[in-house]
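A short write-up of the structure that comes next.
Bear in mind these aren't lab numbers, they're just calculated from the coordinates by the rules spelled out. Computed from a predicted model, the values in this text were never measured in an experiment. Here the Cβ is made from the backbone with ideal geometry for all residues, glycine too, and neighbour counts use every protein chain on show.
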Amino acid sequence: MGAGDTLDHEETRRKEVGELFERVSTFSDWLLEMYGRLQTMEMDRFRQEAEIRSIRLAVTPGEWCCGVAPTH
């Protein structure tokens, strides 16, 4: 193996490593975006559950709710 072959091999490896790094970086960006979306969805769900709890607390047993008369 001559000096030229070694340089070609090293250049090929650098390109392969660069491409791999780019793929990992792109995948990492995608994962961070998905994580952000999941956090947003979780916060939306938490907010909705809090609204439901506050509605339940606001309606006492003697009140009408949603057009339905109390049963007790």
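Once the other residues with Cβ under 12 Å from the Cβ of D29 are scored (Lys, Arg +1; Asp, Glu -1), what is the net sum? Each step should come with its number before you reach the end.
Values: positive: R23; negative: E22, E33.
Surrounding charge for D29 is -1.
Mind listing the phi-derived Karplus ³J(HN,Hα) values for region 36-50, rounded to whole Hz, using 6.51, -1.76 and 1.60 with θ = phi - 60°, and x for any glycine or proline?
The phi angles translate into x, 5, 5, 4, 4, 4, 5, 5, 4, 5, 4, 5, 5, 5, 5 Hz.
Taking 0.36 nm per residue of sequence separation and subtracting the Cα-Cα distance, how much length would be gained by fully extending the chain between D5 and E42, in nm to one decimal?
On the way: separation 37, 0.36 × 37 = 13.32 nm, distance 5.49 nm.
Contour length minus Cα-Cα distance gives 7.8 nm.
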